[in-house]
1. Check off (1) closer than 20 Å to Asp73 by Cα; (2) surrounded by 14 or more Cβ atoms within 10 Å (Cβ to Cβ) for Arg141 and give me the number that stays unchecked.
2. For the stretch 185-210, enumerate the residues that are in a helix (DSSP H, G or I), open to solvent by less than 50 Å² (accessible area, probe 1.4 Å) and at pLDDT 70 or above.
3. Go through the stretch 219-315 and tell me which strands (runs of 3 or more DSSP E), entirely inside it, have 1 or more residues that are of a type in the set (A, V, I, L, M, F, W, C), open to solvent by 50 Å² or more (accessible area, probe 1.4 Å) and modelled with pLDDT of 95 or more.
4. Starting from the stretch 232-249, take each residue that is farther than 16 Å from Thr268 by Cα and list its partners that are part of a helix (DSSP H, G or I) and among the aliphatic types (A, V, I, L, M), counting only C-beta distances under 6 angstrom and pairs at least six apart or across chains.
5. What are the residue pairs meeting all of these: first residue in the stretch 272-297, first residue among the small types (Gly, Ala, Ser), second residue at pLDDT 95 or above, Cβ atoms under 7 Å, and 6 or more apart or on different chains?
6. Could you tell me which residue of the stretch 9-68 is modelled with the highest pLDDT, considering only residues that are within 21 Å of the chain's Cα centre (by Cα) and of a type in the set (S, T, N, Q)?
7. When only residues in the stretch 316-341 that are open to solvent by 10 Å² or more (accessible area, probe 1.4 Å) and among the β-branched types (Val, Ile, Thr) count, which is nearest to Phe32 (Cα to Cα)?
8. Quick check on this structure: which one of Leu154, Leu174, Leu108, Leu79 is under 23 Å from Pro12 (Cα atoms) and open to solvent by less than 20 Å² (accessible area, probe 1.4 Å)?
Amino acid sequence: MSDQNRWRLDWPVPAPGRIARAVLKASPATFFVDEDLGLPGFPGDIATLDAIPLGGDGEHLCLRLEKRGDNTDYVARELAALAGCRHHDVGYCGLKDRHAVTRQWFSLYRPGQEEGDRELIERISQRWTVLAGHRHARKLRRGDHQGNAFVITLTGIEGDQGAIDSALAQVRALGCPNYFGPQRFGHEGGNLDRAIAMDPRRSRSRGRRGQSAQNRDGLYFSAARSWLFNEVLAARVEQGSWLDGMAGEPDPDMATGPLWGDGGTVATEAQEILEREVVAGHPEMEKVFASTRMKPERRPLKLMPKELSWQWNDDDSLTLRFALLPGQFATAVIGSVFRLYDAGGDSGVAEDR
């Protein structure tokens, strides 16, 4: 079991810093997530179940559901049971919160079963609200969507309204650090403990291992490289260079940080030196990647929320609206201004791995 000081899970933010406190997810209704699939031909939401057109062609029945109090993987497993297919045959684009109201698409592999689609939808609608349906040629996979729209109400706010407005305006204008949210790392960093306890050679034997074991390994490797990215980003925030490229930046258009892999980083010069020094400070985490075949990747250091707006409901309640790309975390936006108490107990938002 992790002790609370083993892993840093709270990283620095630039000035003016976290200038207020607030309660996140006081109830599921205060955290709304709407997935934007953005695939051509998919319908919008409908008013009644009978109005679902069920157009399109393909072996996969895609359904847009609204859920509350259920996480994505649980819904996927239940859909598999209702549809009589394997859990692996249910696809989705990203993980969504349990303690929230969320709308997202799922795909179910049902070749040659079009005539039974409407009956299946009737059964599913007894569990969750079905908003739309469409046949599609392939399974939905992580990152297939365009992003997520959020409507989040913070309660119990302690802080000066004027200062909060100014800080949020700065985030809207300049963005905020693109940290991975703490839910990526498990309770008190449990996924990180599991990552360093793994035998890296297991990643080479995927064909001989079960799908669930491979998925767990992938989750732990992902947590490890995400944590190292956050550590590098924290170093850049502390030195004030997170908005600008350094000598050796691999991407000419933006400042990026490393998603560690075989060989570590593709940065060169001063940026490579900084990234390797940060990672070398965590030798047991660096060792996780010593024998893997994970290709090093890059991730932007800056998160720029789309169409960020906010409205005060009363002196201690504030509703924010914004949209994010896949893989970005709403808590990175809000947590750059507020120190949050997560009443839902699972800190954070869609991972979209």
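The values are calculated or read from the model by the stated rules, or taken from the named source; none is laboratory data. These numbers come from a predicted model, not from an experiment. All Cβ positions, even for glycine, are placed from backbone atoms using ideal geometry, and neighbour counts span all protein chains on display. Ligands, DNA and RNA are excluded from the accessible area calculation, which covers all protein heavy atoms including side chains. Shrake-Rupley method; radii C 1.70, N 1.55, O 1.52, S 1.80 Å.
1. For Arg141, the exception is condition (2).
2. Of the residues in the stretch 185-210, the ones in a helix (DSSP H, G or I) are 185, 187-197, 200-204, 206-208.
Then drop every residue that is not open to solvent by less than 50 Å² (accessible area, probe 1.4 Å), which leaves 185, 189-193, 195-196, 200, 203.
Listed by number, the residues that qualify are Phe185, Gly189, Gly190, Asn191, Leu192, Asp193, Ala195, Ile196.
3. On the way: elements: 256-259, 297-300, 306-314.
Result: 306-314.
4. Pairs found: Ala235/Val278.
5. Between residues of the stretch 272-297 that are among the small types (Gly, Ala, Ser) and residues that are at pLDDT 95 or above, there is no close pair.
6. Among those that are within 21 Å of the chain's Cα centre (by Cα) and of a type in the set (S, T, N, Q), it is Thr30.
7. Applying the filter and picking the extreme gives Thr319.
8. On the way: Leu174 fails: open to solvent by less than 20 Å² (accessible area, probe 1.4 Å); Leu108 fails: under 23 Å from Pro12 (Cα atoms); Leu79 fails: under 23 Å from Pro12 (Cα atoms).
Being under 23 Å from Pro12 (Cα atoms) and open to solvent by less than 20 Å² (accessible area, probe 1.4 Å) holds for just one of Leu154, Leu174, Leu108, Leu79, which is Leu154.
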